[in-house]
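Written below as structure tokens is the structure these notes are about.
Every number here is computed from the coordinates shown, using simple stated rules; none is lab data. Fair warning: this is a prediction, and the values are worked out from it, not measured in the lab. In this analysis, Cβ positions are derived from the backbone assuming ideal geometry, glycine residues included, and neighbour counts consider all displayed protein chains.
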Amino acid sequence: MKKQSIYIETSVISYLTANPSRDIIVTSHQQVTAEWWSERKSQFRVFVSQFVLEEAGGGDKLAAKRRLNILQDIPLLEFTETTLELAKQFVQSHVVPAKALVDALHISVATVHGMNYLLTWNCKHIANAEIRQALTEISKQSGYNLPIICTPEELMGKNYET
């Protein structure tokens, strides 16, 4: 059986490589992300985009180096005029705010390239139940299927126990 494809958004890489947090929610996200990466990642064909690399390369130099090292062997999905147009539709329809254009670009790259999943911890503009239906409709109108947008916790597998 062919592995399903997954687009990994930057927040997942950030949680994976960050120093341990004292915030209980952040710590939980870090632990789930590390567990997903070690136990589930190999079950998917994993991809990122140039936007993930750009975001991961920003900020603190040591942290950026850790993030970019994790990403070095992950194939890039191409950014095209088509992905830009779909991202613009997400923004112009006010589903994703203009200030979050890069979030719209993550969604559009994953959508245009036919990813099965988009993995993220960004629940404000990406893994958001209130905007998912609108993203689905816009994608369908443009001839695409929106990937399943979820967090690592939601994609731990059928036999996951807490």
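With Cβ to Cβ distances under 12 Å as the rule, what net charge do the other residues near residue 95 carry (K, R +1; D, E -1)? Summing Lys/Arg as +1 and Asp/Glu as -1 gives -1. For the residue pairs 65/140; 65/124; 41/61; 2/99; 41/65; 61/140, the C-alpha atoms sit more than 32 angstrom apart in 65/140; 2/99; 61/140. The dipole here belongs to the range 4-155: it is taken about the Cα centre, uses +1 on the Cβ of Lys and Arg and -1 on the Cβ of Asp and Glu, and is about 200 debye. Residues considered: 144, 117, 15. Largest GNM mean-square fluctuation over the chain, using C-alpha springs under 10 Å, is found at 144.
Can you bin the range 4-155 into rounded, prolate or oblate? Criterion: square roots of the alpha carbon gyration tensor eigenvalues sorted a ≥ b ≥ c, rounded for a/c under 1.5, prolate for a/b above b/c, oblate for the rest.
Details: a/c = 1.60, a/b = 1.55, b/c = 1.03.
Cα axes put the range 4-155 in the prolate bin.
Potential lengthening of the chain between residue 99 and residue 73 amounts to 6.4 nm, from the contour at 0.36 nm per residue minus the alpha-carbon distance.
Reducing the range 59-107 and the range 111-132 to their Cα centroids gives an inter-centroid distance of 12 Å. Largest GNM mean-square fluctuation across 106, 29, 94, computed for the chain with C-alpha springs under 10 Å, falls on 94. With a cut-off of 14 Å between beta carbons, the residues surrounding residue 58 carry a summed charge of +1, where Lys and Arg count +1 and Asp and Glu -1.
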